[in-house]
Amino acid sequence: MSDRHQNLAIIGHVDHGKSTLVGRLLYETGSVPEHVIEQHKEEAEEKGKGGFEFAYVMDNLAEERERGVTIDIAHQEFSTDAYDFTIVDCPGHRDFVKNMITGASQADNAVLVVAADDGVAPQTREHVFLARTLGIGELIVGVNKMDLVDYNESDYEQVVSEVEDLLKQVRFGTEDASFIPISAFEGDNIAERSDNTDWYDGDILLEALNDLPEPEPPTDAPLRLPIQDVYTIDGIGTVPVGRVETGILNVGDNVSFQPSDVGGEVKTVEMHHEEVPKAEPGDNVGFNVRGIGKDDIRRGDVCGPADDPPTVAETFQAQIVVMQHPSVITAGYTPVFHAHTAQVACTIESIDQKIDPSSGEVAEENPDFIQNGDAAVVTIRPQKPLSIEPSGEIPELGSFAIRDMGQTIAAGKVLDVNER
Ligand code: GDP
């Protein structure tokens with residue numbers, strides 16, 4: 001157990017071994033839920049096999065998955081010497097991008113699984129591109145299924161160089177990536193150094209996970225607290241509630257709510273029904289501000305310091321990735337944008353550049369339309385005032401999902417804001 005925490009994404013092409021690797025990590029770190037272990041022990045004994053093998057864990061995971069029950073590699077947890085890890089949604093998961101950009105499951109770092117017998121495949125490219133777009137810090141590349149290539153060093157090197165080329169194309173710093181030959185199925189180089197790869201002397205997977213840089217809590221950034229709801233409470237008055245995304249909220253601070261454009265002094269801050277002097281990133285709070293009435297502010301407002309108030313956009317430029325749109329997107333399209341707690345209809349005013357998703361290079365200037373799989377730089381005009389920040393300055397408030405027809409059709413991050 002550790003008091004340091006990491007959100008980890010497991011990415012990679014379908015069938016390259018992501019679920020198996022998660023099962024292996026849970027197993028090796030003793031994190032398989034107790035009821036699952038008990039069940040395996042019983043089944044193993046019934047079948048006269050005794051002992052408790054990794055294979056049983058995987059059988060059970062697969063079985064539960066078939067039955068559509070609980071096991072899903074997202075949201076599993078395991079601990080190493082250095083960190084408690086939470087595995088966040090993985091690309092391909094229905095709401096992955098939406099969750100990732102709305103901060104619900106922002107991954108700090110990622111493990112990229114690439115099968116040694118297959119190498120870089122289409123989803124390897126897509127996921128690496130998304131990981132870079134959405135701000136993954138470091139990448140641990142597990143070259144998996146080494147058992148299928150007889151633990152051959154040259155096969156490993158071949159995959160390493162393919163992945164290095166891909167990282168260079170999307171400009172993901174290769175100094176932020178490490179490579180490990182593994183077999184999730186056999187357990188090579190996961191928790192123990194494997195005799196099968198005596199040509200390899202780098203870190204094994206658990207060592208590499210321990211060595212990941214610690215995510216820095218965004219306490220140095222200015223306060224940004226998106227408002228989820230506004231209540232009226234007897235004896236206190238108006239109480240906006242929300243989660244502190246960045247910065248610190250102190251009693252006595254002078255704050256401003258945008259785009260409602262009202263402000264005042266913070267009188268009280270409450271967390272878990274107790275008054276506290278301040279709140280930090282990740283804290284869910286209710287607070288009270290002198291002079292603010294229930295109708296002055298609303299869900300979607302962002303609270304920040306009066307002298308560094310949240311930015312309100314007249315227009316903004318963003319990089320988006322189109323995930324699932326039934327036809328094509330052209331200038332003039334006005335879907336609903338979900339950014340932090342705000343939902344605002346916004347018009348895609350112009351499509352400025354089409355970007356090659358596998359390389360990040362400009363593929364076309366001012367294209368007439370974009371469609372599924374395309375990445376593009378677009379200019380967006382909110383139809384009602386919207387507080388949003390450049391992701392380069394405050395990433396927590398700099399991304400959004402675009403929804404239409406009941407599903408997330410695209411996701412993006414803000415490059416630049418033209419203030420109102
Ligand atoms: P995912 O789609 O990326 O989650 O891939 P899975 O974890 O479901 O694995 C796909 C298939 O590859 C399954 O049949 C696994 O048993 C198999 N597999 C995964 N890892 C290994 C490995 O290290 N060696 C071998 N031989 N097979 C593996």
Problem - Answer residue from segment 139-182, given it is of a type in the set (Gly, Ala, Ser) and more than 15 Å from residue 109 (Cβ to Cβ) and is farthest from the ligand (Cβ to nearest atom) among those - result: 161
Fill in the blank from the handout: residue 73 vs (1) within 16 Å of the ligand (Cβ to nearest atom); (2) at pLDDT 65 or above; (3) closer than 30 Å to residue 218 by Cβ: all pass except (2)
Handout entry: Unmet criterion (only one of (1) closer than 30 Å to residue 23 by Cβ; (2) within 21 Å of the chain's Cα centre (by Cα)) for residue 186
Key = (2)
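Closer than 25 Å to residue 394 by Cα and either surrounded by fewer than 16 Cβ atoms within 10 Å (Cβ to Cβ) or among the small types (Gly, Ala, Ser) (or both): which single residue out of 213, 218, 222, 226 fits that description? Give the steps one after another, and end with the answer.
On the way: 218 fails: either surrounded by fewer than 16 Cβ atoms within 10 Å (Cβ to Cβ) or among the small types (Gly, Ala, Ser) (or both); 222 fails: either surrounded by fewer than 16 Cβ atoms within 10 Å (Cβ to Cβ) or among the small types (Gly, Ala, Ser) (or both); 226 fails: either surrounded by fewer than 16 Cβ atoms within 10 Å (Cβ to Cβ) or among the small types (Gly, Ala, Ser) (or both).
After ruling out the rest, the residue left standing is 213.
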Exercise for the section: At least 2 residues that are more than 19 Å from residue 411 (Cβ to Cβ) in each: list the strands (runs of 3 or more DSSP E) lying fully within segment 246-362 that qualify. Expected result: 254-258, 262-271, 274-276, 284-289, 302-305, 312-322
Problem - Selected residue [under 22 Å from the mean Cα position of the chain (by Cα), among the aliphatic types (A, V, I, L, M), farther than 26 Å from residue 229 by Cβ and not assigned by the TED database to the domain that holds residue 130] from 320, 348, 329 - result: 320
Practice task
Any residue in segment 7-32 that's under 17 Å from residue 206 (Cβ atoms) and without any contact (Cβ under 8 Å) to a residue 40 or more places away in the chain: show its pairings with residues that are of a type outside the set (D, E, K, R) and within 13 Å of the ligand (Cβ to nearest atom) at Cβ separation under 6 Å, as long as the two are six or more apart or on different chains.
Solution key: 27/54; 27/57; 32/26; 32/57
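Right, residue 388: outside the structural domain of residue 299 (by the TED database), more than 18 Å from residue 224 (Cα to Cα) and out of contact with any Cys (no Cβ under 8 Å at 6 or more places or on another chain) or not?
No.
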Practice task
Would you please list the contacts, defined by Cβ atoms under 6 Å and residues six or more apart or on different chains, that run from a residue in segment 254-270 that is touching a residue at least 60 places away in the same chain (Cβ under 8 Å) to a residue that is of a type outside the set (A, V, I, L, M)?
Solution key: 258/309; 258/310; 258/387; 259/385; 259/387
Fill in the blank from the handout: Counting only residues that are more than 11 Å from residue 87 (Cα to Cα) and more than 7 Å from the ligand (Cβ to nearest atom), segment 14-24 contains a total of 2
Handout entry: Residue list for segment 116-138, restricted to those being surrounded by 23 or more Cβ atoms within 10 Å (Cβ to Cβ) and at pLDDT 95 or above
Key = 116
Practice task
Answer yes or no as to whether residue 180 is in contact with a Phe, Trp or Tyr (Cβ under 9 Å, 6 or more places away or on another chain) and at pLDDT below 95.
Solution key: no
Practice task
Mind checking which helices (runs of 4 or more DSSP H) fall wholly inside segment 113-221 and carry at least 2 residues that are free of Cβ contacts under 8 Å to residues at least 60 places away in the same chain and not β-branched (Val, Ile, Thr)?
Solution key: 153-169
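The values are calculated or read from the model by the stated rules, or taken from the named source; none is laboratory data. These numbers come from a predicted model, not from an experiment. Note that we place each Cβ from the backbone using ideal geometry, even for glycine, and neighbour counts take in every protein chain shown.
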